[in-house]
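> I have a structure here, written as structure tokens, and I will follow up with some questions on it.
The values are calculated or read from the model by the stated rules, or taken from the named source; none is laboratory data. Nothing here was measured: the structure is a model prediction, and the numbers come from that model. Here the Cβ positions follow ideal geometry from the backbone for every residue, glycine too, while neighbour counts run over all protein chains shown. We work out accessible area using only protein heavy atoms, side chains counted, and drop any ligands, DNA or RNA first. Shrake-Rupley method; radii C 1.70, N 1.55, O 1.52, S 1.80 Å.
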Amino acid sequence: MSLFFFVLIVALATYFTLRYRRRVEGEALRPAPHHPLWLEVTWVVIPTLLVLVIFVWGFRGYLRLSIVPAEAYEVKVNGQKWFWSFDYAEGAAVVNEMVVPVGRNVKLLLSSKDVIHSFFVPAFRIKKDVLPNRYSIAWFHATQVGEYDLYCTEYCGSKHSAMLGKVKVVGEREFADWLDAASSAGEGMTPEEYGAKLYQSKACYTCHSLDGSPGNGPTFKGIFGHDVKLADGRSVMVDENYIRESILTPTAKVVAGFQPIMPTYQGLLKDREIDALVAFLKGLK
Ligand code: CUA
């Protein structure tokens, strides 16, 4: 329909421009012709009807998007510079990769810890601004198992374009197993193993390598028990308290050569999880 009207309007505009152009310099204006009422009524009524049809159609879609079905499964989503975290009622808490069951309505309760982000999953046709100090709500119903890209689509700072995630849609049974495993955090694991698991699930690896190569942040390899030089010229010994402080107040003692870009994990990690990460770092000789 857009193409039809585009061609019609541009073609007529071009034709009239040529047909009724002023041919002679200083030529007098000719009197305007009579207005045929039927033609004017026609070109008002037809587009009005078309636009009304589109309005009703679009408004119903908007309502369907806005009203969350009553029996939806709820996941809490948090956006912050520059990652996504997901909290499940059963206790599971993961970063950047969300797992949801196929064929079920999923409600997202979204909020931000700092600035405005925007939660965008093109495959699900949902996009919602994520604001600090309030909740926004979105929902979807994934019909196919698979991995779908998640983007932040509100410019939120220097690492905005790296604020990427995945939505993993799995079968109902697989979801129950995953939720079970993810919620029984660390049970039957040594603190060191649990720390290794958290290093993955909390996405520490996006900035901190284990092989000695520097990323956005210093590597974790072989730092425990050693002195590091700080950006302000002091140096500090990497011990349990330094690690804890760096997780909860990352800007307090920034290692020389790195930007103070790490977000705080205050409220995102329980004490037990911090203990496990400390144990994990200790083991990285
Ligand atoms: Cu968060 Cu862009």
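> Taking the chain as the reference, fit the longest principal axis to its C-alpha atoms, fit the long axis of helix 191-201 to the helix C-alpha atoms, and give the angle between the two in degrees, 0 to 90, nearest 10.
It is inclined by approximately 10 degrees.
> With charges only on Cβ, +1 for K and R and -1 for D and E, what is the dipole size of the chain about its Cα centre, in debye, rounded to 20?
Computed about the Cα centre, the dipole is about 1280 debye.
> Let me ask something else about it. For the chain, which whole percent of the accessible surface, found with a 1.4 angstrom probe, sits on carbon and sulfur atoms?
61 percent
> Restricting to the chain, what percent of DSSP beta bridges are antiparallel, rounded to 5?
70 percent
> Can you tell me the FRET efficiency between Val10 and Ile126 if r is taken as the Cβ-Cβ distance and R0 is 22 Å, rounded to the nearest 0.05?
0.05
> Return one number: the angle in degrees, 0 to 90 and rounded to the nearest 10, between the long axis of the Cα atoms of helix 37-66 and the longest principal axis of the Cα atoms of the chain.
With both axes taken from Cα atoms, the answer is about 10 degrees.
> What whole-number distance in Å separates the alpha-carbon centres of region 170-249 and region 76-122?
With region 170-249 and region 76-122 each reduced to a Cα centre, they are spaced 20 Å.
> I've got another one for you. What figure in square angstrom, to the nearest 10, would you give for the accessible area of Thr190 with a 1.4 Å probe?
We get 70 Å² for Thr190.
> What lysines could a cross-link reach from Lys270, if we take a straight Cα to Cα line under 16 Å and drop same-chain neighbours fewer than 8 places away?
Lys197, Lys202
> If you don't mind, there's one more thing I want to ask. Can you give me the three principal axis dimensions of region 141-285 from its C-alpha atoms, in Å, biggest first?
Its Cα atoms span 55, 41, 28 Å along the three principal axes.
> Taking each pair of distinct Cα atoms in region 73-183 once, what is the resulting Kirkwood hydrodynamic radius in Å?
Roughly 13.9 Å, rounded to one decimal.
> How large is the accessible surface of Val130 in square angstrom, using a 1.4 angstrom probe and rounding to the nearest 10?
Val130 exposes around 0 Å² with every protein chain in place.
> Turning to a different aspect of this structure: Given the whole protein assembly as supplied and a 1.4 Å probe, what does the accessible area of Thr251 come to in Å², nearest 10?
That residue has around 80 Å² of solvent-accessible surface.
> Sticking with this one: Once you treat every alpha carbon in region 215-285 as an equal point and sum by Debye, what is log10 I(q)/I(0) at q = 0.11, 0.18, 0.28 Å⁻¹?
-0.24, -0.68, -1.50
> Tilt of helix 271-282 relative to the longest C-alpha principal axis of the chain, in degrees (0 to 90, nearest 10)?
Long axis of 271-282 versus the principal axis of the chain: about 70 degrees.
> Right, here's the next one. Keeping every protein chain present and rolling a 1.4 Å probe, give me the accessible area per residue for the chain in Å². All intermediate terms of the calculation are to be shown ahead of the outcome.
Working: 17790 Å² over 285 residues.
The answer is 62 Å² per residue.
> Pull up the DSSP beta bridges for region 73-183 and report the antiparallel fraction as a percent, rounded to 5. Mind showing how you got there, number by number?
Values: 28 of 41 bridges.
Percent antiparallel among DSSP bridges in region 73-183 is about 70.
> Any idea what diffusion coefficient region 1-130 gets from Stokes-Einstein, in µm²/s, Kirkwood Rh on alpha carbon pairs, 25 °C, 0.890 mPa s?
Estimated via Stokes-Einstein, D reaches 119 µm²/s.
> Ok, one more. Rg(Cα) of the chain divided by 2.2 N^0.38 Å?
So the chain has a normalised radius of gyration of 1.53.
> Still on this model: Tell me the mean residue ellipticity at 222 nm calculated for the chain from its helices only (DSSP H runs of n ≥ 4, each -39500 (n - 2.57), averaged over every residue, nearest 500). Please report the intermediate quantities before stating the final value.
Working: 6 runs with 92 residues, N = 285.
Dividing the helical sum by the residues of the chain leaves -10500 deg cm²/dmol.
> Separate question: Give the dimensionless ratio obtained when the Cα radius of gyration of region 183-260 is divided by 2.2 N^0.38 Å. Present the calculation step by step, with values, prior to reporting the outcome.
On the way: Rg = 13.4 Å, N = 78, 2.2 N^0.38 = 11.5 Å.
Dividing the Cα radius of gyration by 2.2 N^0.38 Å gives 1.16.
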